[in-house]
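The values are calculated or read from the model by the stated rules, or taken from the named source; none is laboratory data. Everything quoted here is computed from the prediction, not taken from an experiment. Here the Cβ is made from the backbone with ideal geometry for all residues, glycine too, and neighbour counts use every protein chain on show.
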Amino acid sequence: MSENELSYLIRGAIFRVYNSLGPGILESAYEAALVHELQALNLNVSTQVPVPLVYKSIQMTVGYRIDILVEGQVIIEVKSVEELQEVHHKQLLTYLKLKELKLGILVNFNTDDIQKGIIRKVNGL
């Protein structure tokens, strides 16, 4: 399945979670519900995936973790914040670069309009 096809399914799952739970709860609750929705679509979903950092040929043991990885192709970074900050966008792009993946989705569930809370990020590789 292509990244664009996965993105379409992921957006649908995000809408279902948002419509059911609404804004204003913990990020971990949205993550758990979104994982459930994605697994119900028979997608391969991994959570809290470690992201290794290699610096000057040395693998560092740091605590970077991807919230959700779908089919080994699309990273989903889940937020429940008042407002997305530039650092959230940069974080997702860094994860995409470190994992050598093309597509990521940054989603902020703490919003009155979930369409504005879903942002696609593309790694130019």
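Pairing residues of the range 16-31 that are touching a residue at least 12 places away in the same chain (Cβ under 8 Å) and within 22 Å of Ile75 (Cβ to Cβ) with residues that are surrounded by fewer than 16 Cβ atoms within 10 Å (Cβ to Cβ) and of a type in the set (Gly, Ala, Ser), at Cβ distances under 9 Å and at least 6 apart in sequence or on separate chains, gives Leu21/Ala29.
Take the residues of the range 88-125 that are among the acidic types (Asp, Glu) and without any contact (Cβ under 8 Å) to a residue 60 or more places away in the chain: which is nearest to Glu77 (Cα to Cα)?
As a first pass, look at the range 88-125 and keep what is among the acidic types (Asp, Glu): 100, 112-113.
From the residues that got through so far, the ones that are without any contact (Cβ under 8 Å) to a residue 60 or more places away in the chain too are 100, 113.
Values: Glu100: 16, Asp113: 18 Å.
Ranking the candidates gives Glu100 first.
Considering the range 30-125, the qualifying strands (runs of 3 or more DSSP E), each wholly inside and each with 1 or more residues that are over 12 Å from the mean Cα position of the chain (by Cα) and modelled with pLDDT under 95, run over 45-50, 53-55, 58-60. Scanning the range 48-103 for residues that are charged (D, E, K, R) and surrounded by 11 or more Cβ atoms within 10 Å (Cβ to Cβ) returns Arg65, Asp67, Glu71, Glu77, Lys79, Lys90, Lys97, Lys99, Lys102.
If I ask for residues that are part of a helix (DSSP H, G or I) and surrounded by 13 or more Cβ atoms within 10 Å (Cβ to Cβ), which ones from the range 13-28 would you list?
Ala13, Ile14, Phe15, Arg16, Val17, Tyr18, Leu21, Glu27 - these are the residues of the range 13-28 that are part of a helix (DSSP H, G or I) and surrounded by 13 or more Cβ atoms within 10 Å (Cβ to Cβ).
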